[in-house]
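> Encoded as structure tokens, here's the structure I'll be asking about.
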Amino acid sequence: MKTIVKEIDAKKIDIRTIQEAGSILKKGGLVAFPTETVYGLGANALDEEAAKKTYAAKGRPSDNPLIVHIADVQALEEIAVNIPAAVEDLAEHFWPGPLTLILEKSPAVPYGTTGGLDTVAVRMPSNLAARELILAAGGYVSAPSANISGRPSPTTAEHVRQDLDGKIPMILDGGSVEIGLESTILDMTVSPPMILRPGAVTLDMLEEVIGDVSVDQTILGNESDIPPKAPGMKYRHYAPKANLVLVEGEEENVIAKINALAGELRKHEKKVGIIGTDETVSRYLGDYVVSIGAREDEEGIARHLYRILRDFDELGVEMIYSESFSSQGIGQAIMNRLLKAAGHQILEV
Ligand code: TXA
Ligand code: MG
């Protein structure tokens, strides 16, 4: 299959491009498109066959449910039942935006989309092109991140092309995404509601609107004993090809440790990548040293993480050492993804 890449400018949307992409989705085909979090691989969420194509293109296990993307709040009533009252407040505060809600599903949503579950994940993205596409497709677009299963999520159309070229008919290229990490997932079927995946909408932000919220304890811990509650979180996700180890401790100790470990491997001709920050990057030695941004700019760190992991893959880096970050606020999402990519290998110094 030939994959067409079409540019789409969220500030000046070309309606013909949207119509074309929408009609592929209506016919049961797949289209990758930008959202504010990461690029998604869109399909008609109410079409069981389209869900099968999604799993095949990503090489994703079909027990891992998809998120249904909608463009207006009214659309919720078609796909969810017994909607808790707090959902109205959440929608008002955080939609459109990077928050996914787990609700009881209606019969309209096929089990192919929910991975066999009686619940459905729903989100309204803020990217305007994404919302126009959802409307053009009939209102319900399932979209996992548009990467091959197990690779870091795509934050540019080029990342999508690297993974899915030849497997899907169309990619909409809307440039780099704004956030760079997947949406926060909040399970509204339990009391109190529980965060299953941290993202840009943080625990504090949610509690300010709906009061008590709990957090799935596997998010930052080592998940070998208890399975996480979002099926997709159990896979070694967000992973670069290289082995990744986080080093945590006082800045001076971290720099010394990473330089020592990397130096040792370089003696054996290994390609070693180092992820530092603006504050420390000049103090690392080696050919593959990058800054993920300034330490106080956590949004920047979130935005750069997946691109850096992919760039290291492209360069054939075999081992990556990374600094570690605070797990407060959006830092919780950053550390959750980094720890997963590292398979929880963390060195305290
Ligand atoms: O930001 C995002 O959410 C992106 C963009 C494209 O919108 N999408 C995304 O989808 O990250 P995906 O498929 O890569 O991740 C969906 C996650 C998986 O971990 C899945 O297990 C969980 O959501 N999930 C979906 N439906 C669920 C349900 N009914 N119950 C629990 N977890 C669910
Ligand atoms: Mg994903």
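> For segment 130-156, how many residues are more than 10 Å from ligand 1 (Cβ to nearest atom) and buried (at least 23 other Cβ atoms within 10 Å of the Cβ)?
Summing the residues that are more than 10 Å from ligand 1 (Cβ to nearest atom) and buried (at least 23 other Cβ atoms within 10 Å of the Cβ) in segment 130-156 gives 6.
> For the list (1) within 15 Å of ligand 2 (Cβ to nearest atom); (2) over 26 Å from S176 (Cα atoms); (3) touching a Lys or Arg at 6+ places or on another chain (Cβ under 9 Å), I need the number of the one condition that V81 fails.
Condition not satisfied by V81: (1).
> Follow-up. Only residues in segment 254-275 that are without any contact (Cβ under 8 Å) to a residue 40 or more places away in the chain count as the first member; pair them with residues that are part of a helix (DSSP H, G or I) and among the charged types (D, E, K, R), Cβ under 7 angstrom, at least 6 apart or cross-chain, and list the lot.
I255/R283
> Give the residues of segment 148-173 that are in contact (Cβ under 8 Å) with a residue 60 or more places away in the chain, away from ligand 2 (no atom under 16 Å from the Cβ) and in contact with a strand residue (DSSP E or B) (Cβ under 9 Å, 6 or more places away or on another chain), sorted by residue number.
Once the filter is applied, which keeps residues that are in contact (Cβ under 8 Å) with a residue 60 or more places away in the chain, away from ligand 2 (no atom under 16 Å from the Cβ) and in contact with a strand residue (DSSP E or B) (Cβ under 9 Å, 6 or more places away or on another chain), segment 148-173 yields A157, R161, D165, P169, M170, I171, L172, D173.
> Next question. Please go through segment 304-325 and pick out each residue that is out of contact with any Gly (no Cβ under 9 Å at 6 or more places or on another chain) and charged (D, E, K, R).
R310, D313, E314
> Also: Picking from A56, A50, A32, which residue would you name as being part of a strand (DSSP E or B) and within 20 Å of N147 (Cβ to Cβ)?
On inspection, the qualifying residue turns out to be A32.
> Follow-up question, since we're still on this one. Suppose we filter T37, T54 for residues that are within 16 Å of A157 (Cα to Cα) and among the hydroxyl-bearing types (S, T, Y); which single one remains?
Among T37, T54, only T37 is within 16 Å of A157 (Cα to Cα) and among the hydroxyl-bearing types (S, T, Y).
> Failed condition for G42, given (1) in a loop (DSSP other than H, G, I, E, B); (2) within 16 Å of ligand 1 (Cβ to nearest atom), with all others met?
Result: G42 fails condition (1) only.
> Limited to segment 296-340, what total is found for residues that are assigned to a loop (DSSP other than H, G, I, E, B), buried (at least 18 other Cβ atoms within 10 Å of the Cβ) and touching a Ser or Thr at 6+ places or on another chain (Cβ under 7 Å)?
The number of residues fulfilling the criteria is 1.
> Answer yes if at least one residue in segment 68-77 is surrounded by fewer than 17 Cβ atoms within 10 Å (Cβ to Cβ), within 16 Å of ligand 2 (Cβ to nearest atom) and modelled with pLDDT of 95 or more, and no otherwise.
Among the residues of segment 68-77, not one is surrounded by fewer than 17 Cβ atoms within 10 Å (Cβ to Cβ), within 16 Å of ligand 2 (Cβ to nearest atom) and modelled with pLDDT of 95 or more, which makes the answer no.
The values are calculated or read from the model by the stated rules, or taken from the named source; none is laboratory data. Because the structure is predicted, anything quoted here is derived from the model rather than measured. Glycine also receives a Cβ, built like all others from the backbone with ideal geometry; neighbour counts cover every protein chain displayed.
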